[in-house]
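Chemist: The structure that follows is given in the form of C-alpha cells.
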Amino acid sequence: MSAPGVLSFTQQGWEQVLAKVKRALVYLDAACAESLHWGCGSTRLLEAVGGPECHLREFEPAAVGGGAKQPKAVFVLSCLLKGRTVETLRDIICRSHFQYCVVVTAVNHAVHLTANHVPAAAAAELEGQQPVFEQLEEKLCEWMGNMNYTAEVLHVPLLLAPVAPHLALTPAFASLFPLLPQDVHLLNSARPDKRRLGSLSEVDATALTPELFLQIRCLVSGLSSLCEHFGVREECFAVGSLSRIIAADLANYAPAKNRRKTATGRASVVFVDRTLDLTGATGHHGDNLVEKIISVLPQLPGHTNDVMVNMVELTALQNEEKSQSMVAPGCLAQPKDAAAKALWEALLSTKHKEAVMEVRRHLVEAASRENLPIKMSMGRVTPGQLLSYIHLFKNNLKALVSHCGLLQLGLATVQTLKHPQTAKWDNFLAFERLLLQSIGESTMSVVLNQLLPMMKPLNQRTDNDYSPEELLILLIYIYSVGGEFTVDKDLGEAEEKVKKALAQVFCEESELSPLLQKITGCDSSIKLTFHKSKIAVDELFTSLRDIAGARNLMKQFKSVYVPGNHTHQASYKPLLRQVVEEIFNPEKPDPVDIEHMSSGLTDLLKTGFSMFMKVSRPHPSDHPLLILFVVGGVTVSEAKMIKDLVPSLKPGTQGYPEDSMRSCT
C-alpha cells in the first residue's frame, strides 16, 4: 500500500520476521499464525524458509523438536517471554539439535521490564538497552548446550490480523473482555476493607489483577507501534470502564512520548466497551453474507476469525463426512489472490442479496476467461446454480489453481446458503422484532414468559427449535436491548420459571457442548445433575442482570432501544452508531460519555482552563484519522455500518474499526 494502513503495518512486521527464517524450523503460536494468515499467507513464509520440506510447527509444550539436520529455529510469539512461554521454549530447545535460535516477540522490551517489576524510573534509565532480551539470549545458548552458539531475541509488533483495509482484528487479545459489576466483588476480595471499590466507575489500572494489567499493557504496546507506523500523535478517548483504563494507559505510555514529539500527523483513538451493547453481537438484523458464513460454518482450528470450507466438491471423492477429513479445508482469507481479495472486500461491504449476486458474477467471469462451457442464467441466484459454475473448474487443473481463492469463497457461499442454520436466521430475526415490540408494550416478566415455551429439552426439540446455546443468545439479546429495569415480584417469578426450564434443558442434553461444559463446570452430561445445572443458571442470570445494567453509568448513551410510535415500529439503535454520530455531530458539543484521557500536564491544564476560559477541549473529530477499537469484538455488520457512516458524516476522515477478539456473530 502506498499510504500507511493496517495491511502495510502487518506486512512490514512480517518482512522483518521473514528475513530471519531462511532454512529454519519455524514455530508459531496461534495468534501470530492468524496474523500471518490474513496479512501475508503461509505460502509467503514457506517461500522465505525455502527447501522442499514443511518447516512450520505450532508452538506448544508437546511440539516436536529439531533433528540433527535442523540446526536453526525461529520462534514467533505474540506474548510476553515469561513463565510458561519460557518453559516451553526451554523444553523444545533442550530436545533439539539447534545451533542458532531466533525468538521474535510481539511485545516490546519496555513491557517486559514492567512484567519483571522494574520501576518506571529505573526503566527510563535503561532506554536503548534490552537487559531482559539479553538475559534470555544467554539462556537460549545454555539450553542449546554451547555458549558459542548464536541466539537473538527481538521485538516485532505482530498485533493485527488485517481482514480488510477498513477492518483489523487483534487475535492475541481474543480473551480480553470488559468487566461487569460482579467483577468488582472479585477485585475487592484482594483489597483491604478501607480500599473497597463501590462500582466499576472506581476501577483503575491499580485495581486490576496483575495478569489483566499486563494483558492491557501488551495491547497498548502494539497500538503504540501502530500509531508510530501511521506517523501520528494520538488523542485517546473512551466509552466504558475498561476502555477508560486502556485509553489512559496508551495516553500515558512512557515509550510513546518521544515518538509523539516528532509525529507529523494526528489521530483519534476511541475505545468502546462491548458490554455496553451486546444486542449488536447477538442479534440477527445484520443483512450480511459474511456474518452468516462466520456464524454457520465450522471454525478453522486454532483461529478465532476464519472458517473451514469443505473442498470435496472439487475432487473425485463422494461428499461424505469421511471424505471431508481427507481433503484440506478452504478458508476465507486470500491475501495473495487479488481477484478473491476483491470479492472478499465486496462481500464485507454489501448486503446479502447483492453479495450472492457478486459471487455469481465473479464465478461467471472467471469461467469465461478460462473458456469453460458456462450456461448463463438470470434471475434469482441459487446454491445449485453457483455449484454448477464451481463444478466447471473441477476437471481443469490450470483453471482450478488459477482461481482457487475465488472457488473457496464460492463454496463458502454455497455451503452457507444450504446450511440448515441459515434458514433459522429469519426465525431469529422475526422473534427479535417481536421482542422489540413487546419490550415497549410490556414488562420484562411478560417478555420472559414469551420465551418460556421455546425452552424445550432435547427429546422434544425439532430442527426449528432453539438449542441451549441459541436460548442463551436470545436471553443476552433481551437483557442487553432492554437495559435497566425494575425488579419486582412478577419479574422474580418469571426469572425463576425460566431458570428452572433452562437448567432442565442443560441436564437433558445427551452431550455437553464446549460452551455448556464451561458454564456448568462438567465435562460430561452424566455428571451434570439438576442441582449443579441450577447453580450454573443462577450465576448466568447474575451476569444477565449485569448486562442489563451495563449502561447505568452512561449519561447520553443510556439506551439502544428506540420505542415505536404511530408511524414507526420499535427498533434497535446500535451504540456504535450513536458514538460515531456523536463524534461527528456538526455542532461539536463537549462529549458527555466519550471521555478524553489526558497524556500529561499540558492536557490537564487545557481541561482545567476550559472550565473558566474559552479553551477547546480535545474532541475525537479534530483529526483526519479515527481508530475505533471495540474491546470485546465487533461484527461484520457493525464494521460495514461504521465504514459507510463516517464518510457521510465527515468526508475526508479515515475510519479503522478494530477489535480485540473474533467477530461476534
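Chemist: Of Glu58, Glu53, which residue is in contact (Cβ under 8 Å) with a residue 60 or more places away in the chain, surrounded by fewer than 21 Cβ atoms within 10 Å (Cβ to Cβ) and over 20 Å from Ala164 (Cα atoms)?
Modeler: Being in contact (Cβ under 8 Å) with a residue 60 or more places away in the chain, surrounded by fewer than 21 Cβ atoms within 10 Å (Cβ to Cβ) and over 20 Å from Ala164 (Cα atoms) holds for just one of Glu58, Glu53, which is Glu58.
Chemist: Just a yes or no: is a residue in the range 88-99 within 23 Å of the chain's Cα centre (by Cα) and closer than 18 Å to Tyr27 by Cβ?
Modeler: Filtering the range 88-99 down to residues within 23 Å of the chain's Cα centre (by Cα) leaves none.
No, the range 88-99 has no match at all.
Chemist: Output yes when any residue across the range 191-210 is open to solvent by 10 Å² or more (accessible area, probe 1.4 Å), under 20 Å from the mean Cα position of the chain (by Cα) and not β-branched (Val, Ile, Thr), and no when none is.
Modeler: no
Chemist: Kindly establish whether Leu475 is among the hydrophobic types (A, V, I, L, M, F, W, C), more than 30 Å from Met357 (Cβ to Cβ) and either free of Cβ contacts under 8 Å to residues at least 12 places away in the same chain or touching a Gly at 6+ places or on another chain (Cβ under 9 Å) (or both).
Modeler: Details: among the hydrophobic types (A, V, I, L, M, F, W, C): yes; more than 30 Å from Met357 (Cβ to Cβ): yes; either free of Cβ contacts under 8 Å to residues at least 12 places away in the same chain or touching a Gly at 6+ places or on another chain (Cβ under 9 Å) (or both): no.
Taking the combined requirement at face value, the residue does not satisfy it.
Chemist: Just one of (1) among the hydrophobic types (A, V, I, L, M, F, W, C); (2) touching a helix residue (DSSP H, G or I) at 6+ places or on another chain (Cβ under 9 Å); (3) more than 23 Å from Glu509 (Cα to Cα) trips up Met455, so point out which.
Modeler: Against the list (1) among the hydrophobic types (A, V, I, L, M, F, W, C); (2) touching a helix residue (DSSP H, G or I) at 6+ places or on another chain (Cβ under 9 Å); (3) more than 23 Å from Glu509 (Cα to Cα), Met455 comes up short only on (3).
Chemist: Next question. Scan the range 197-214 for residues that are more than 17 Å from Ser243 (Cβ to Cβ), out of contact with any Leu (no Cβ under 9 Å at 6 or more places or on another chain) and not in a helix (DSSP H, G or I) and jot them down.
Modeler: Gly198
Chemist: Return the only residue of Gln12, Gln16 being open to solvent by 50 Å² or more (accessible area, probe 1.4 Å), assigned to a helix (DSSP H, G or I) and touching a strand residue (DSSP E or B) at 6+ places or on another chain (Cβ under 9 Å). Before you say what the answer is, go through the steps one by one.
Modeler: On the way: Gln12 fails: touching a strand residue (DSSP E or B) at 6+ places or on another chain (Cβ under 9 Å).
It is Gln16.
Chemist: Here's something else I'd like to know. Search the range 497-509 for residues that are assigned to a loop (DSSP other than H, G, I, E, B) and pair each with any residue that is open to solvent by less than 10 Å² (accessible area, probe 1.4 Å) when their beta-carbon atoms are under 9 Å apart and the residues are at least 6 apart or on different chains.
Modeler: Correct list of pairs: Glu509/Pro468; Glu509/Leu516.
Chemist: Taking into account only those residues within the range 46-99 that are among the basic types (Lys, Arg) and in contact with a strand residue (DSSP E or B) (Cβ under 6 Å, 6 or more places away or on another chain), which is nearest to Arg217 (Cα to Cα)? Walk me through how you get there before you give the answer.
Modeler: Going through the range 46-99, the residues among the basic types (Lys, Arg) turn out to be 57, 69, 72, 82, 84, 90, 95.
So of that shortlist, the ones also in contact with a strand residue (DSSP E or B) (Cβ under 6 Å, 6 or more places away or on another chain) come out as 57, 72.
Details: Arg57: 28, Lys72: 31 Å.
Looking at the filtered set, the residue picked out is Arg57.
Chemist: Specify the residue that is farthest from Leu553 (Cα to Cα); the eligible residues are those in the range 140-179 that are of a type outside the set (A, V, I, L, M) and in contact with a Cys (Cβ under 6 Å, 6 or more places away or on another chain). I'd like the intermediate steps shown before the answer.
Modeler: Going residue by residue through the range 140-179, those that are of a type outside the set (A, V, I, L, M) are 141-143, 145-146, 148-150, 152, 155, 157, 162, 165-166, 170-171, 173, 175, 177-178.
Subset that is in contact with a Cys (Cβ under 6 Å, 6 or more places away or on another chain): 143, 149.
Details: Trp143: 53, Tyr149: 57 Å.
Among them, the one singled out is Tyr149.
Chemist: Right, here's the next one. Examine the range 211-221 for a residue that is at pLDDT 95 or above, small (Gly, Ala, Ser), over 19 Å from Asn552 (Cβ atoms) and within 22 Å of the chain's Cα centre (by Cα), and state whether such a residue exists.
Modeler: Yes, that holds for at least one residue.
Chemist: Return the total of residues in the range 525-551 being of a type in the set (D, E, K, R), out of contact with any Pro (no Cβ under 9 Å at 6 or more places or on another chain) and touching a residue at least 24 places away in the same chain (Cβ under 8 Å). Quick ask: steps written out before the conclusion?
Modeler: Taking the range 525-551 first, the residues of a type in the set (D, E, K, R) are 527, 532, 534, 538-539, 545-546, 551.
Checking which are out of contact with any Pro (no Cβ under 9 Å at 6 or more places or on another chain) leaves us with 527, 532, 534, 538-539, 551.
If we keep only those that are touching a residue at least 24 places away in the same chain (Cβ under 8 Å) too, we end up with 534, 538, 551.
Counting residues in the range 525-551 that are of a type in the set (D, E, K, R), out of contact with any Pro (no Cβ under 9 Å at 6 or more places or on another chain) and touching a residue at least 24 places away in the same chain (Cβ under 8 Å) gives 3.
Chemist: While we're here: Given (1) open to solvent by less than 20 Å² (accessible area, probe 1.4 Å); (2) part of a helix (DSSP H, G or I); (3) in contact with a Lys or Arg (Cβ under 8 Å, 6 or more places away or on another chain), where does Gln385 come up short, assuming only one miss?
Modeler: (1)
Chemist: Take the residues in the range 162-185 that are within 30 Å of Ala106 (Cα to Cα) and in a helix (DSSP H, G or I); name whichever of them is modelled with the lowest pLDDT.
Modeler: Kept after step one, since they are within 30 Å of Ala106 (Cα to Cα), are these residues of the range 162-185: 162-180, 183.
Cutting the leftovers down to in a helix (DSSP H, G or I) gives us 171-173, 183.
Values: Pro171: 95, Ala172: 96, Phe173: 96, Asp183: 92.
My answer is Asp183.
Residue-wise test of (1) in contact with a helix residue (DSSP H, G or I) (Cβ under 8 Å, 6 or more places away or on another chain); (2) open to solvent by 30 Å² or more (accessible area, probe 1.4 Å); (3) part of a strand (DSSP E or B).
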| residue | (1), (2), (3) |
| --- | --- |
| Glu228 | yes, yes, no |
| Glu234 | yes, no, yes |
| Ala238 | yes, no, yes |
| Ser243 | no, no, no |
| Asp249 | yes, no, no |
| Pro255 | yes, yes, no |
| Asn258 | no, yes, no |
| Arg266 | no, yes, yes |
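Chemist: Would you please list the contacts, defined by Cβ atoms under 6 Å and residues six or more apart or on different chains, that run from a residue in the range 634-651 that is under 12 Å from His285 (Cβ atoms) and part of a helix (DSSP H, G or I) to a residue that is among the polar types (S, T, N, Q) and open to solvent by less than 40 Å² (accessible area, probe 1.4 Å)?
Modeler: Filtered contacts from the range 634-651: Ser637/Asn288.
Chemist: Output the number of the condition that Thr443 fails; it satisfies all remaining conditions of (1) open to solvent by 60 Å² or more (accessible area, probe 1.4 Å); (2) touching a Leu at 6+ places or on another chain (Cβ under 9 Å); (3) modelled with pLDDT of 90 or more.
Modeler: Only one criterion in (1) open to solvent by 60 Å² or more (accessible area, probe 1.4 Å); (2) touching a Leu at 6+ places or on another chain (Cβ under 9 Å); (3) modelled with pLDDT of 90 or more is unmet by Thr443, namely (3).
Chemist: Which of the residues spanning the range 337-369 are in a loop (DSSP other than H, G, I, E, B) and buried (at least 16 other Cβ atoms within 10 Å of the Cβ)? Give the derivation first.
Modeler: Our first condition is that a residue be in a loop (DSSP other than H, G, I, E, B); within the range 337-369, this holds for 337, 350-351.
Within the range 337-369, Asp337, Thr350 meet the criteria.
Chemist: Might you check whether a residue that is among the hydrophobic types (A, V, I, L, M, F, W, C), free of Cβ contacts under 8 Å to residues at least 40 places away in the same chain and within 30 Å of Gly564 (Cα to Cα) occurs anywhere in the range 402-423?
Modeler: yes
Chemist: How about the range 90-99: which of its residues are surrounded by fewer than 19 Cβ atoms within 10 Å (Cβ to Cβ) and either touching a Lys or Arg at 6+ places or on another chain (Cβ under 6 Å) or in a loop (DSSP other than H, G, I, E, B) (or both)? Talk me through it step by step, then tell me what you get.
Modeler: The first filter runs over the range 90-99 and keeps only residues surrounded by fewer than 19 Cβ atoms within 10 Å (Cβ to Cβ), leaving 90-91, 94-95, 97, 99.
Correct list: Arg95, His97, Gln99.
Chemist: Let me spell it out: the conditions are (1) surrounded by 14 or more Cβ atoms within 10 Å (Cβ to Cβ); (2) not in a helix (DSSP H, G or I), and Gln578 meets all of them except one. Which number is the exception?
Modeler: Checking Gln578 against (1) surrounded by 14 or more Cβ atoms within 10 Å (Cβ to Cβ); (2) not in a helix (DSSP H, G or I), the one that fails is (2).
Chemist: Additional query: Please find, within the range 587-605, the residue that is least open to solvent (accessible area, probe 1.4 Å) out of those that are at pLDDT 90 or above and of a type outside the set (Val, Ile, Thr).
Modeler: Checked the range 587-605; the qualifying residue least open to solvent (accessible area, probe 1.4 Å) is Asp593.
Chemist: Then there's this: Among (1) open to solvent by 30 Å² or more (accessible area, probe 1.4 Å); (2) of a type outside the set (Phe, Trp, Tyr); (3) within 26 Å of Lys500 (Cβ to Cβ), which single condition is Leu471 missing?
Modeler: (1)
Chemist: So, one more: What are the residues in the range 100-140 that are touching a residue at least 24 places away in the same chain (Cβ under 8 Å), outside any helix (DSSP H, G or I), open to solvent by 50 Å² or more (accessible area, probe 1.4 Å) and more than 18 Å from Arg217 (Cα to Cα), if any? Even if it seems obvious, please write down each step before you answer.
Modeler: Pass one, the range 100-140, residues touching a residue at least 24 places away in the same chain (Cβ under 8 Å): 100-112, 114-116, 120, 123-124, 132-133, 136, 139-140.
Going one step further and asking which of them are outside any helix (DSSP H, G or I), we end up with 100-108, 116.
Those left that are additionally open to solvent by 50 Å² or more (accessible area, probe 1.4 Å): 100, 116.
Once the filter is applied, which keeps residues that are touching a residue at least 24 places away in the same chain (Cβ under 8 Å), outside any helix (DSSP H, G or I), open to solvent by 50 Å² or more (accessible area, probe 1.4 Å) and more than 18 Å from Arg217 (Cα to Cα), the range 100-140 yields only Tyr100.
Chemist: Can you tell me which residues in the range 141-157 are loosely packed, with under 14 Cβ neighbours inside 10 Å and farther than 20 Å from Lys20 by Cα?
Modeler: Kept after step one, since they are loosely packed, with under 14 Cβ neighbours inside 10 Å, are these residues of the range 141-157: 145-148.
Across the range 141-157, the qualifying residues are Gly145, Asn146, Met147.
Chemist: Whether any residue in the range 508-530 is within 28 Å of Val239 (Cα to Cα) and either open to solvent by 70 Å² or more (accessible area, probe 1.4 Å) or in contact with a helix residue (DSSP H, G or I) (Cβ under 8 Å, 6 or more places away or on another chain) (or both) is what I want to check.
Modeler: No: zero hits.
The values are calculated or read from the model by the stated rules, or taken from the named source; none is laboratory data. From a predicted model like this one, the values you see are computed outputs, not experimental measurements. Neighbour counts are summed over all protein chains in view; Cβ atoms, including those assigned to glycine, are modelled from backbone coordinates with ideal geometry. Side chains are part of the model used for accessible areas, which takes the heavy atoms of the whole protein and leaves out ligands, DNA and RNA. Shrake-Rupley method; radii C 1.70, N 1.55, O 1.52, S 1.80 Å.
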